[in-house]
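The values are calculated or read from the model by the stated rules, or taken from the named source; none is laboratory data. It should be emphasised that the depicted structure is a prediction, and the values quoted were computed from it without experimental measurement. With ideal geometry, Cβ positions are generated from the backbone for all residues, glycine too; neighbour counts draw on all protein chains shown. SASA here: full protein model, heavy atoms, side chains in, ligands and nucleic acids out. Shrake-Rupley method; radii C 1.70, N 1.55, O 1.52, S 1.80 Å.
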Amino acid sequence: MDLKDTLNLPKTDFQMKANLPTLEPKMLERWERDFLYSKIREARKGQPVFILHDGPPYANGHIHLGTALNKIVKDLIVKSKTMAGFDAPYVPGWDCHGLPIEIKVVGKKKANLDVLKVRQECREYANKFMGIQRDEFRRLGVFGDWENPYLTMSNHYEAEIARLLGEFIRRGGVYKGLKPVHWCITCETALAEAEVEYGDHKSYSVYVRFPIAGGLDSLVPELTGSSAFVLAWTTTPWTLPANLALAFHRDFNYAFVRTGGEVLLIAADLVEQVAKECSLAEYEVVRTLRGEELAGLKVRHPWIDRESKTVFATHVTLDQGTGVVHTAPGHGQEDYMTGLEYGLEIYNPVDNSGRFVPEIEHFGGMQVFEANPRITEFLRERGRLVAQGEIVHSYPHCWRCHNPVIFRATPQWFIGMELNDLRERALDEIRKVTWKPGWGEDRISNMIANRPDWCISRQRLWGVPIPVFYCKSCRNPLMDAKVVDHVADIFELETADAWYRRSVAELLPAGTTCPCGAKEFDKEFDIVDVWFDSGSSHHVVLNGQGGLQWPADVYMEGPDQHRGWFHSSLLIAVGTRGAAPYRSVICHGWTLDAQGRAMSKSLGNVIAPGDVIKDNGAEILRLWVASIDYTEDARISEEILSRLREAYRKLRNTSRYLLGNLFDFDPSRDSVPDSQLLELDRWALARMASVSQKAQEGYSRYDFHIVYHTLYNFCVVDLSSFYLDILKDRLYTAGPNSVARRSAQTALFRIAETLVRLMAPLLPFTAEEIWSSLYREKAPAASVHLSEFSKEIERHQDLELLARWERFEDIRQVVSKALEESRQGKTIGNSLEARTDIRAGRRAASYLAGFEGLRYLFLVSEINVVEDATLAEDEIQVSVSRASGTKCERCWHYTSDVGVSSQFPGVCARCAQTLSERDEVTI
Ligand SMILES: [Zn+2]
Ligand SMILES: [Zn+2]
Ligand SMILES: [Zn+2]
C-alpha cells in the first residue's frame, strides 16, 4: 500500500496561476451571453432601491487612469450595494456636446459653416468615442446598462434640456443681459467659470494721470490753479478706452502730493510705495482727505473728451496700485457692479475677435493685446503716463486654447442667482447633503456663495440651442415656456438639429403673437452651456423608469466637480425642483505617479489602464483602487502594481487551498452540526463572522480600502499562517469521514461561501471563478453576483471564543519563532521533528492547560508545559530539542507507538486506527 494514497490531499481544478488577461475577456463574454446584468436587476426587483447616478465623462479620447479609477469606485459602490440586497441599477452616461468636439470637427474657423453638417460630424465623433470608452469601461468588469446609456445628444435628452430651460423661464429664473463674461478672443466664445484656468501671465503695469477738472478749489483751496491729476494704476491698458469712472474707497485717506510742478492724488498709505514705483524724486503731501470727502471731484478721461466719474466701491484695496481703481463696467465683474450702482453704461467697445470697434479713435480695429503697448506709448506721448512696468500675475486663460482671456460685456443669457432666491436655497440644500470627504461642503458652499449669475449662453454650434425667439418688430425676446415646450416636442422627434433645419414658422406654435402684437420672429443662435447639459442628467435619467428614482443616493466624481457637475446639477435641481439631486456626494482624488506628479505625455510618466490590463488583468487595477483611500490623491507605479500582484497571488492561493480541501465535501450530506464543531473550527467561523461584519461596515461607508485590508489580513494572517497551517494535519491524515475532518471542512466551506461573496465587488472575475469551483453543479445562484453577502455566518459570531484564542495566537508566534531558530540551527528540519518544552508563568501555564492537543496546534511531535513560579505571570520560555520516538511514515509525527499495529507497520497508532476505519469504509 502506498501510504500517500491514504492521505486526503487537496484536489481542485481552480488554477494556481490566474492568467487574468485571458480569463477576464472570456468571463465577460459569458456574463454577456447570460444577460447577467438583467438577471441581477430581475433578482433585486422589489428590494430597497439604491441609486448611484453616473456623472458623464466627455466622449472624446480613450479612458485614462483617472476615468478608470472613477468607474471602478462607482462599480465597487454599485456591486457592494447589490450584494447587500439593494436594487442598485447603474446607467452610465456620456457628455457629448461642447467645444472640444466642435473644434475637432471644424477647427477654429467659424465662417460659412454648414451647421447641420457640422452637427452631424460632431454627433458621429461623439458616438465613436462613446463606443470606444464603453468597451474600455466594460473591460474593467464594471456592470451596468451598457446597451442603454444616456447620451446628452440623444433626442430625448436634448428635448429635456430645452424643457428644463422652459422650466427656468416659467419660474422667472432666466434673464438676458449685457454683462462682462470671460471671453476667449481666439475661440470667440464666452467661457463659464469652470472653463477658465488660471496661470501666470505677464501684463503691463501702468500708472496713468486722470486730469482733475473741477472741485479742487473748494476741497483744497491752496491748490487752486495747480496742474492736478488722480493717479490710477492698471494692468490692462487696453481697457482704458472703456474707462467711465474712478473708484475710491470711502474710508481710506487720500493724499494730494506735490511733485515736480504737479499734484497727484493717491491713497495716503500708498504714497511712499507709489513714489518709489514711479521714481518721484521730490514730493510733499499737501493735504490728506477722507475718501468720501472727494465726492465733488470732477475728473476727465486721460485723452477722450468725457468725464471719468468719481465713485466709491468697497473692492478698492491698498494691496497694490494707488488706492484708486480705474473702472470700466464692460470689462470687469466688480466694475460692472459699480456701474450698475452708479447707472454707468455697461460699455464694451471690443468685438468678438478682441478688436476695438471702428468708432474707437486711434485704436479702432486693433486687437486688445496688441493695443497694450500702443496705448501705453500713446499715454506717454500725451503726457499721461507716470510710469510703466511689467507684472507677472495669475490670470485667466481659456481651458481649450490656453490663451489669455478677456472680460467683455456681451448680451448673454443668465440664470440669476438671486432670482427666486436660488443662491440661498442652494446653500440650504448643501447643508442637507452628506459630503465625503467633509471639506467638500465648504468648497461647494463657498463657490455657490460667491459665484456670479450663471451665464448659460455660448456662441457655438454643437449643443442645444436656447429655444427663444425675438420679435422682429420690438426686438424683445419671447420668453414663453409653452413655446419652449412646443419646440422641445419637436426636438424629441428630430433632435435639436430641427432648430437649424426648420424655419421659424415651423418651430413656433401656430398663431404665436408678441405682446406688442407682431407675429414675425427671429430665432436665437446661442447654444446652452454644456454644464447645463450634464447638470440636467438627474432629471433626464432618474425619471422613475427602470427602477430609477430621484434624487440619487450618491454622486461620485473627481475633485474638480465642486465647480463642475456637482455644482451645475445642484443649481438646476434647486432651480426647477427646489431640492438637491443627491443625498450624498463623494469625491475621489487625482491619480499621480510614484513621485506624486500628475501624469502627462511630456513627463513620459503616463500609465494607461489598457496597458495595466494587458499585462496584469483588470483585477489588479481593481485591487489597486480597492487598496487605496481613493478620497485622497492616488499614486501608482510598476512597483505598486508588483506588490498588488503578490497580494492577489496570496488571496488566490488561500482560496485555492479552501477549494482543494472541499473536493469530497457535500455540504448537505457532510456538514457537522454546530454543536459537534471542534473548538478551533468554531474559532475560525467566529473570526469569519467578525471579518464579515467589519467588511460589510466598510462597504456601507464606501471605505473600500478597509474592506480590502480586512479581507487580505484574514486570508494571509488568520487563515494561511494560522488556521490552515494547523488544519493541514487533520485534513490530510484523519479519516475522510471522521468528525475531525468533516468539522474542518464544514468550517472551510462556510468560510469560502462567506469570503467569495465579500470578495465579489473587489475581484468580480476571481470571485466568479471561485464560485464555480466551490459549488460546482449545486450553486445557489448562477453567478456570485446574483447572491448576497452571507447572513448565515452571523450565527457563528462568538466574541468570548475569539477573546480566549487571542492570547493563543501570540503564544504560538513565540513558539513558531523558537522553532524557526532551531530550524536555522539545523537542530530540526520539519517542525514535527521537534519536542518543545515550555516553561510558563502561573497564568500562562493555566491558560495553556485549557487547550487540548497542544502538539497539533503547535505542529510539533511532543510538547511539555511546566509551570515556573519564578517567571512573570504571563511569561513563557520555549526550548526546542529533537523529538524522541519514531517518525510515522504516514503523518510524519514522531511517536512511541509507531509499528504497534501489525496490520499497518511503519505508522503510528493514530494512523493505524484511521487506516483500519478507512478500510471498513472502502469494504
Ligand atoms: Zn480659447
Ligand atoms: Zn414685439
Ligand atoms: Zn501517523
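Pairs please, first residue from the stretch 728-750 and farther than 17 Å from PRO667 by Cβ, second anywhere and open to solvent by 40 Å² or more (accessible area, probe 1.4 Å) and among the hydroxyl-bearing types (Ser, Thr, Tyr), Cβ atoms under 7 Å, 6+ apart in sequence or on different chains.
ASP729/TYR856
May I ask you to list the residues in the stretch 892-907 that are assigned to a loop (DSSP other than H, G, I, E, B), closer than 10 Å to SER861 by Cβ and either within 16 Å of ligand 2 (Cβ to nearest atom) or touching a Cys at 6+ places or on another chain (Cβ under 7 Å) (or both)?
HIS893
Would you point out the residue of the stretch 381-401, among those that are assigned to a loop (DSSP other than H, G, I, E, B) and either buried (at least 17 other Cβ atoms within 10 Å of the Cβ) or free of Cβ contacts under 8 Å to residues at least 40 places away in the same chain (or both), that is nearest to ligand 1 (Cβ to nearest atom)? Reasoning before the result, please.
At the first step, the residues of the stretch 381-401 found to be assigned to a loop (DSSP other than H, G, I, E, B) are 382-384, 399-401.
In the following step, the residues that additionally are either buried (at least 17 other Cβ atoms within 10 Å of the Cβ) or free of Cβ contacts under 8 Å to residues at least 40 places away in the same chain (or both) were identified as 384, 399-400.
On the way: ARG384: 32, TRP399: 8, ARG400: 5 Å.
Per the criteria, the residue is ARG400.
Just give me the residues in the stretch 408-441 being in contact (Cβ under 8 Å) with a residue 40 or more places away in the chain, under 30 Å from LYS179 (Cα atoms) and aliphatic (A, V, I, L, M), in sequence order.
Of everything in the stretch 408-441, those that are in contact (Cβ under 8 Å) with a residue 40 or more places away in the chain, under 30 Å from LYS179 (Cα atoms) and aliphatic (A, V, I, L, M) turn out to be ALA409, ILE415, LEU419, LEU422, ALA426, ILE430.
Check whether at least one residue in the stretch 352-362 is modelled with pLDDT of 95 or more, open to solvent by 60 Å² or more (accessible area, probe 1.4 Å) and either part of a strand (DSSP E or B) or under 15 Å from ALA245 (Cβ atoms) (or both), and report yes or no.
Checked against the condition, which is being modelled with pLDDT of 95 or more, open to solvent by 60 Å² or more (accessible area, probe 1.4 Å) and either part of a strand (DSSP E or B) or under 15 Å from ALA245 (Cβ atoms) (or both), the stretch 352-362 yields at least one hit.
Give the residues of the stretch 631-670 that are more than 24 Å from ASN616 (Cβ to Cβ), part of a helix (DSSP H, G or I) and among the polar types (S, T, N, Q), sorted by residue number.
The answer is SER668, and nothing else.
For the stretch 467-488, does any single residue satisfy the condition of being buried (at least 17 other Cβ atoms within 10 Å of the Cβ), more than 16 Å from ligand 3 (Cβ to nearest atom), touching a residue at least 60 places away in the same chain (Cβ under 8 Å) and among the hydroxyl-bearing types (Ser, Thr, Tyr)?
no
Tally time: how many residues in the stretch 696-725 are touching a Leu at 6+ places or on another chain (Cβ under 6 Å) and either over 17 Å from ILE628 (Cα atoms) or surrounded by fewer than 16 Cβ atoms within 10 Å (Cβ to Cβ) (or both)?
1
Going by what's in this entry, would ILE863 be described as open to solvent by 40 Å² or more (accessible area, probe 1.4 Å) and away from ligand 3 (no atom under 16 Å from the Cβ)?
When the stated conditions are applied, ILE863 passes them.
Name the residue that is nearest to VAL324 (Cα to Cα), counting only residues in the stretch 194-225 that are surrounded by 18 or more Cβ atoms within 10 Å (Cβ to Cβ) and of a type in the set (Gly, Ala, Ser).
Looking at the filtered set, the residue picked out is SER205.
Condition check: charged (D, E, K, R) and touching a strand residue (DSSP E or B) at 6+ places or on another chain (Cβ under 6 Å). Does LYS436 satisfy that?
Taking the combined requirement at face value, the residue satisfies it.
Do any residues in the stretch 497-517 that are under 30 Å from VAL118 (Cβ atoms) and open to solvent by 40 Å² or more (accessible area, probe 1.4 Å) have Cβ atoms under 8 Å from those of residues that are away from ligand 1 (no atom under 16 Å from the Cβ) and modelled with pLDDT of 95 or more, where the two are at least six apart or on different chains, and which pairs are they?
So the pair list comes out as ARG501/LEU116; ARG501/GLU494; ARG502/ILE490.
For the stretch 568-610, how many residues meet the condition of being surrounded by 14 or more Cβ atoms within 10 Å (Cβ to Cβ) and not in a helix (DSSP H, G or I)?
20
Can you give me the number of residues within the stretch 119-145 that are of a type in the set (Phe, Trp, Tyr), assigned to a loop (DSSP other than H, G, I, E, B) and open to solvent by less than 10 Å² (accessible area, probe 1.4 Å)?
Total satisfying the criteria: 0.
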